[in-house]
1. For segment 116-149, enumerate the residues that are more than 16 Å from ligand 2 (Cβ to nearest atom), surrounded by 24 or more Cβ atoms within 10 Å (Cβ to Cβ) and in a loop (DSSP other than H, G, I, E, B).
2. Just checking: which of the strands (runs of 3 or more DSSP E) contained wholly in segment 347-424 hold 3 or more residues that are in contact with a helix residue (DSSP H, G or I) (Cβ under 7 Å, 6 or more places away or on another chain) and assigned by TED's automatic domain parsing to the domain that holds Leu325?
3. Residues that are more than 31 Å from the chain's Cα centre (by Cα) and part of a loop (DSSP other than H, G, I, E, B): does segment 569-576 have at least one?
4. Pairs, please: C-beta under 7 Å, at least 6 apart or cross-chain, first residue of a type in the set (Phe, Trp, Tyr) and in segment 552-564, second surrounded by 11 or more Cβ atoms within 10 Å (Cβ to Cβ) and assigned to a helix (DSSP H, G or I)?
5. Which pairs have Cβ atoms under 6 Å, sit 6 or more apart or on different chains, and link a residue in segment 699-711 that is without any contact (Cβ under 8 Å) to a residue 60 or more places away in the chain to one that is within 11 Å of ligand 2 (Cβ to nearest atom) and assigned to a strand (DSSP E or B)?
6. Of (1) of a type outside the set (Phe, Trp, Tyr); (2) part of a strand (DSSP E or B); (3) out of contact with any Leu (no Cβ under 7 Å at 6 or more places or on another chain), Pro702 satisfies all except one. Which?
7. Of all residues in segment 587-616 being of a type in the set (Asp, Glu) and more than 21 Å from Trp293 (Cβ to Cβ), which is surrounded by the fewest Cβ atoms within 10 Å (Cβ to Cβ)?
8. Any residue at all in segment 419-436 that is more than 16 Å from ligand 1 (Cβ to nearest atom) and either among the aliphatic types (A, V, I, L, M) or at pLDDT below 95 (or both)?
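The values are calculated or read from the model by the stated rules, or taken from the named source; none is laboratory data. These numbers were taken from a predicted model, which means no experiment stands behind them. Ideal geometry is used to build each Cβ from the backbone, glycine not excepted, and the neighbour counts take in all protein chains shown.
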Amino acid sequence: MSTIKRVAHCSHWGAYTLLVENGEIVGTEPFEHDPHPSPIIHSVREWADPSRRVLRPMVRSGWLEKREKSNRRQRGKEKFVAVSWDEATALVAEEIDRVRNDFGNASIFAGSYGWTSSGRFHHASSLLKRTLNLVGGYTGHVDTYSIAAGPVILRHTLGSEEACGGGANTLDSIAENTETLVVFGALSPRTAQTEAGGIGPHTLETHLKRIAERGIRVILISPLRDDLPEWLDAEWWPIRPNTDTALMLGLAGEIVKANRHDSDFLNRCCSGSERFLAYLDGSVDGVRKDAAWAAGITGLDIADISALAPVLVDTRSMLTVSWSLQRAHHGEQPFWAGLGLAAVAGQIGLPGGGVGFGYGSLGGVGAPYGLGKPPAISQLQKPIDSFIPVARITDLLLNPGAEFTYQGETRTYPDTRLVYWAGGNPYHHHQDIHRLEEGWSRPETIIVQDPMWTATAQRADIVLPATTSIERNDLAGNRRTNYVMAMQKAIEPLGDARSDFDIFNAIATRLGVGDAFNEGRDEMGWVRHLYEQTRSDAAERLGFEMVDFDTFWSVGSAEMPVRENYTYLAGFRQDPEANALKTESGRIVLGSEKLASLGYADCLDHPAWIEPAEWLGNAKEDNELHLVSHQPTGRLHSQLESAEASRAHKRNGREQARINRHDAERLGIRDGSTVRLWNARGASLATATVDEAVRAGVVVLPTGAWFTPTGNSGLDIAGNPNVLTLDVPTSQFGQGCSAHTCLVRVEPYEGSAPDAFDHYQETIAALADA
Ligand SMILES: Nc1nc2c(c(=O)[nH]1)N[C@H]1C(S)=C(S)[C@@H](COP(=O)(O)OP(=O)(O)OC[C@H]3O[C@@H](n4cnc5c(=O)[nH]c(N)nc54)[C@H](O)[C@@H]3O)O[C@H]1N2
Ligand SMILES: Nc1nc2c(c(=O)[nH]1)N[C@H]1C(S)=C(S)[C@@H](COP(=O)(O)OP(=O)(O)OC[C@H]3O[C@@H](n4cnc5c(=O)[nH]c(N)nc54)[C@H](O)[C@@H]3O)O[C@H]1N2
Ligand SMILES: [Mo]
C-alpha cells in the first residue's frame, strides 16, 4: 500500500501543500491561512512533465566547434549537442575566464533579469552574481521591468521609492478611512495573485470587500472595466491609455482655479510648488490645465472631471496608481502628477488620504508591511561599478561604447562579449523582440540556465538545465507578507537537471572560488542558515520570537512581524523639519532644481503632460488601436504557460485579444475568430474575444505566450505581444520600459496557422533531439 506524502511548498503565486505518491504529484491543497488562494498552484505539477524541460546540458554544435568564432546568426537554428556536466561546467568556466582576462569583467553581462523561483536560496540570478562577484564582477542592471520610471522619479521627489513598494498607506487603513477612492489602473485580484518571493495570505480581496461594505465612492480610471472586481460597483471612467497624467493635472488645475488648493501644505511640505502651479494655471505655456483641457486629451467627460475636483479636497481622498502607468512612455509623469494632485488636495499624511503606488500590482503591496529581514542569499560585494537600466538590454548589445543617461548621470555601455542568463526569459519580457534578436546576434557567447526550453534557451550557445523548485529544498519570504514558507522537495530531478546552487557551486569550484561560494554549507545547511538569520534578526532587532528551524520545517511556515494600519508621511506632515525627506529640499519636490538644470525635454522640472510616442491622440487612422499588454490571469509571465490555469484563459490554443464590439464590427472581426495584430515591428496571431469591458480603441493581449515565430516573416502564432511593443526608454531620466505604449492594427486572419503548442514542441524537438 502506498502512502501519500504531504510536502509544504511555495511559489510566487502563494503557498500550498503538494500531495505526493510514488514520486508523483497527485494533488495540491492551498495554504491553510490563505483566504484567496491562486488557481495557479494547481499548474505546478506541469513542472514534472518532461516535454518542455531541458533534460541535459546542451551546447550549440557550431559553438562547440568554433567557440567565440561561431556564426552567431545560427542561434535558434542550429542543433544542440548534449554534453556531460563536467564538460559543460568546464566550458562555462573557461568562457568566464577568457572574457574577463581578455576584455575585463564589464564585458560579462549578468544582469540576468527575471523572476526565476520564489526560493530565496536557489535564487538563480543571485547565485550567478555571487559567483561572478568572487572573480571580479560583471555588468548588472538597475531597477526592474515592473518599476523603473516610478522609483526613479519617487527617489528624486519623495527621497525614497518606498511609496511604490508597499511602504505607503496600508490597505487596512485605506479601507477604514478613505471616503473617495480614485483608482488609476487596477486593484485586481488578477495581478495580486503573485508576489516576488512568495506570499502567505492573499488579502487584496479582503480589503476590497471592506471598502464595498463601507460603500465609499470608488472611481476606476482605466481602459479596462474588469481592472476592479464588478462587485465593488465602481464608476468606470474609460480613459484613453497613457493619458492619466492629463487627468491628474486637469483635476489639480481645477482645484487651483477654484483657489481650493492647500497652500499651507504646499508651503510647509513641498518645494518648487510655484513652478507646478504656474504650469497648472497656464502662466508657463499659455494653456490652463483644467477639466476641459483634460477631457480633450483623455476622452473623459468635462462635467465629471470638474465635479470630482472639489470632492478630492472636501472628502478624505486617496489616489492609487498602478505600476502599469509608469510602464509607458514618460512613465515618470503619472507618478509625479499623482503626487502633485494629492499635494494640491492637501491629503498626504492623513489616514486614508494621499497617494500610493502599486496596490494590487503585487499581492503584498498595501498589506501589513514586514519589519523583519526576509531570507536571502548574499550576492556579496560587486567589485566593479558597471550597470545598465534594466530595459536597455537591446541598446547595450547593439551599441557598445555609446553613452546613456540615468538619473541625471551620463555613462557608457560596455562591450558585451558574454551573456549569462539564469532564471529569466528576455524573449518573454523585453519589448520589440525582433529588435532584441538583432542585439542577441552580437555577443560571442550566450549561456542560459533554465528548467525549460524557453525561446531564450533555444537561442543560447550553452544551456544548463536547472531543476524546478519542486525538485529541491528551499525557503520563500518577502517583506510584503507575514510568513516565511518552506519549499520542500517533492519529486526527483528530471533527467540530468541540477539545482541552481549545485550548478554554480561546480562553476565556482572550477574558477577556484568554491569555498567562498559555498561557505562549507550544503543545501539544507544553507536553508537552515538563511532561516536562522531571519529568526535572529527578528529576535534581536524587534523582540519577535519566530519558531525554531525544525518547527518551521515540519509546520511548513513561520510568522514574521509586520506593521499594520500605517499612514505614510504622517510624521512628516506634522513636522517636516524634524522628519525631512532625503530630497534636494528635504520636502516633497513638485518643482525640481535638478531637472531644471538637466533640461530634458522628456522629463521637465515639474509634473507635465508630454505626448507619448504612440497613443490614440496620434493614431494615423481609425484602424490603429492602443495595445494594452497586461499581466496574464492564469500564470506568472511565461511560467507554466502550457499548464491548466494558463490554458483556461486561451482560446483555440492562442491568447485572447479582447476588443470592444464597436471596433470588432467596424474591423470585420467575429468573436472567436483568429486575428492578426501587427505594426511596423512585427505581427502576432491571437483569438478575438469581443468584450464590452474593453474601451473602444483599445485591444488587450496579455503577456507570456511562448514566442513561436513561423515562416520567413517571423509571424508569431502564439500571441506574444512583445513582437509588437515599442522598445524606447520612458525618458532620459528614468530609462524604464515603455511596454504599455503601443499602437497596432488588428485584422481578421484568413490564412491557416498551425497549433501554437504543437509547433513549439516541434521546434524543441528539431533543436534538441540528440
Ligand atoms: N509587453 C509587456 N512586456 C512585459 C510586461 C508588460 O506589462 N508588458 N511586464 C514586464 C514585467 S513587469 C516583468 S517582471 C517581466 C517578467 O519577465 P521574466 O521574469 O523574465 O518572466 P518569467 O516568465 O517569470 O521568467 C522566469 C524564467 O525563470 C525560469 N525559472 C523558473 N524557476 C527557475 C529556477 O528555479 N531556476 C532557473 N534557473 N530558472 C527558473 C522560468 O522557466 C522562466 O524562463 O516581463 C515584462 N514584460
Ligand atoms: N497573474 C499574474 N499576476 C501578476 C503577474 C503575472 O504575470 N501574472 N506579474 C506580476 C508582476 S511581475 C508585476 S510587475 C505586476 C504588474 O502589475 P500592474 O502593472 O498593475 O499590471 P498590468 O496587468 O500590467 O496593468 C494593470 C492594468 O493597468 C491598466 N492600464 C494599462 N495602461 C494604462 C494606462 O495608461 N492608464 C490606466 N489608467 N490604466 C492602464 C490595464 O487595463 C491593466 O489591466 O503584476 C504581477 N502580478
Ligand atoms: Mo514585474
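1. Listed by number, the residues that qualify are Gly119, Arg120, Phe121, His122, Tyr138.
2. Values: elements: 354-357, 387-389, 403-406, 409-412, 418-422.
Hits in segment 347-424: 354-357.
3. Yes, segment 569-576 contains a residue that is more than 31 Å from the chain's Cα centre (by Cα) and part of a loop (DSSP other than H, G, I, E, B).
4. Short answer, once both residue conditions are applied: Phe552/Tyr531.
5. none
6. Failed condition: (2).
7. Residue satisfying both the conditions and the ranking: Glu593.
8. Initial filter on segment 419-436 (more than 16 Å from ligand 1 (Cβ to nearest atom)): none.
Among the residues of segment 419-436, not one is more than 16 Å from ligand 1 (Cβ to nearest atom) and either among the aliphatic types (A, V, I, L, M) or at pLDDT below 95 (or both), which makes the answer no.
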